[in-house]
Amino acid sequence: MILKQNNDRGFTLIEMLIVLFIISILILIAIPNVTKHFATVDKKGCDAYTKMVQGQVEAYRIDVGQYPTSISELENKEYLKASDSKACEGKTITIANGKVDVSN
């Protein structure tokens, strides 16, 4: 006759608490780094959008013969999409004498 041993053993409460503690420490370390990278990504996205607008300003000047006076003029003539302007949310993009400027 073969006897079967019962070796079913789960985690103890202390072991589970230690694992949860380690996971929470890792999360506390990771969250500030992730939020810092989001700010960097937003800044780089706004910089790239500004350079793209500058390129479209120059394309407008070549086609029309003068610089546009506003972003809406570029949007109306379909040099820019209106939805693209969300790249620099909370900032104002202006065009003066062919130069694109971003301000708060």
Is at least one residue of the range 15-38 in contact (Cβ under 8 Å) with a residue 40 or more places away in the chain, in a helix (DSSP H, G or I) and among the hydrophobic types (A, V, I, L, M, F, W, C)? no
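Name the residues in the range 75-87 that are under 18 Å from the mean Cα position of the chain (by Cα) and under 21 Å from A59 (Cα atoms), would you?
Result: S83, D84, S85, A87.
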Right, I23: of a type in the set (A, V, I, L, M, F, W, C), modelled with pLDDT of 95 or more and over 19 Å from the mean Cα position of the chain (by Cα) or not? yes
So if I check each of K99, K43, which one is basic (K, R) and either surrounded by 11 or more Cβ atoms within 10 Å (Cβ to Cβ) or within 12 Å of the chain's Cα centre (by Cα) (or both)? K43
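When the residues of the range 77-95 are narrowed to those that are in a helix (DSSP H, G or I) and among the charged types (D, E, K, R), which ends up surrounded by the fewest Cβ atoms within 10 Å (Cβ to Cβ)? Walk me through it before giving the result.
First, the residues of the range 77-95 that are in a helix (DSSP H, G or I): 82-88.
With the extra rule that they be among the charged types (D, E, K, R), the set shrinks to 84, 86.
On the way: D84: 14, K86: 9.
Step by step, filter the range 77-95, then rank; the result is K86.
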Scan Y67, Y60 and give me the residue that is closer than 12 Å to V100 by Cβ and outside any helix (DSSP H, G or I). Y67
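The values are calculated or read from the model by the stated rules, or taken from the named source; none is laboratory data. Keep in mind that this is a model prediction, so the values were computed, not measured. FYI the Cβ positions are ideal-geometry reconstructions off the backbone, even for glycines, and counts take in every protein chain you see.
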